[in-house]
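Have a look at the structure below, then the notes.
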């Protein structure tokens, strides 16, 4: 195994205030030290914590929305070097992260590259912990630790090429699949979380489709539903339970249109195990909003 978890997500946005409401007031993430304004006083970057890691979600002001980096954690310096060897053997251009970039990401070391769909990926080791207490404003706790910050689904126009890349080079394995038109949607694991990565055969340039965070209690999900209504966060799918990871969750739309899932109770699978195909996404619920 190479990648151990999803470590962080850096997003570009043309509406930082909207993300402040979405990530802080709705999702219940803790705004962390490192948020900053530009010379004119406008919000420039906002950093959020879910746990003891100093920067899990970072939102950057930009002219247009997009993914700045999906960060995957590896064990240590040697594991990062081994990953670089595999990437270069596959013909992937790898850029060593500068000391300045490592300081910005709050890690000991990192490298940058793109996956076959053009998604900017970073592999890092050694988060630099600041040991400040975590005070999530409205959530009892988030499920992270060895499972990382949650999961992401990304677009993969050539889904087989992306699949081979993440399995052969980054060390993921297939947990399950589901038909998505003529191709398959793959749910990929790298730890005991049911899936850390999803590959959606969507046309067009590689991009983030979906982000999930998992709370520690069912009450956290209920309170988040209330906040979504109070804050008029656009609902994408109402409460339901998935067939693959058994997560009880609902989906909303982020300021840029990403599908963001807030859930509880996902499966923990300590071993790789055989893969399987699902034929529907939910045991119950996950229906579009009414009215």
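The values are calculated or read from the model by the stated rules, or taken from the named source; none is laboratory data. These numbers come from a predicted model, not from an experiment. Cβ: placed from backbone, ideal geometry, glycine included. Neighbour counts: every protein chain shown.
Quick notes on this one:
- Some residue of the range 47-57 being buried (at least 16 other Cβ atoms within 10 Å of the Cβ) and more than 19 Å from the chain's Cα centre (by Cα): no
- Of the residues 198, 206, 240, the single one that is at negative phi, in the same structural domain as residue 166 (by TED's automatic domain parsing), touching a residue at least 60 places away in the same chain (Cβ under 8 Å) and not in a helix (DSSP H, G or I) is 206.
- Filtered residue count, the range 90-122, keeping only those that are in a helix (DSSP H, G or I) and closer than 28 Å to residue 161 by Cβ: 2
- Residue in the range 274-284 that is farthest from residue 218 (Cα to Cα), counting only those that are touching a residue at least 60 places away in the same chain (Cβ under 8 Å) and assigned to a loop (DSSP other than H, G, I, E, B): 275
- Against the conditions (1) modelled with pLDDT of 95 or more; (2) out of contact with any strand residue (DSSP E or B) (no Cβ under 9 Å at 6 or more places or on another chain), residue 83 satisfies every one except (2).
- Sole exception among (1) in a loop (DSSP other than H, G, I, E, B); (2) closer than 22 Å to residue 205 by Cβ; (3) touching a residue at least 40 places away in the same chain (Cβ under 8 Å) for residue 87, by number: (1)
- Considering 185, 170, 211, the condition of being within 19 Å of residue 280 (Cα to Cα) and modelled with pLDDT of 95 or more is satisfied by 185 alone.
- Residue check for residue 6: closer than 20 Å to residue 126 by Cα, within 14 Å of the chain's Cα centre (by Cα) and part of a strand (DSSP E or B): yes
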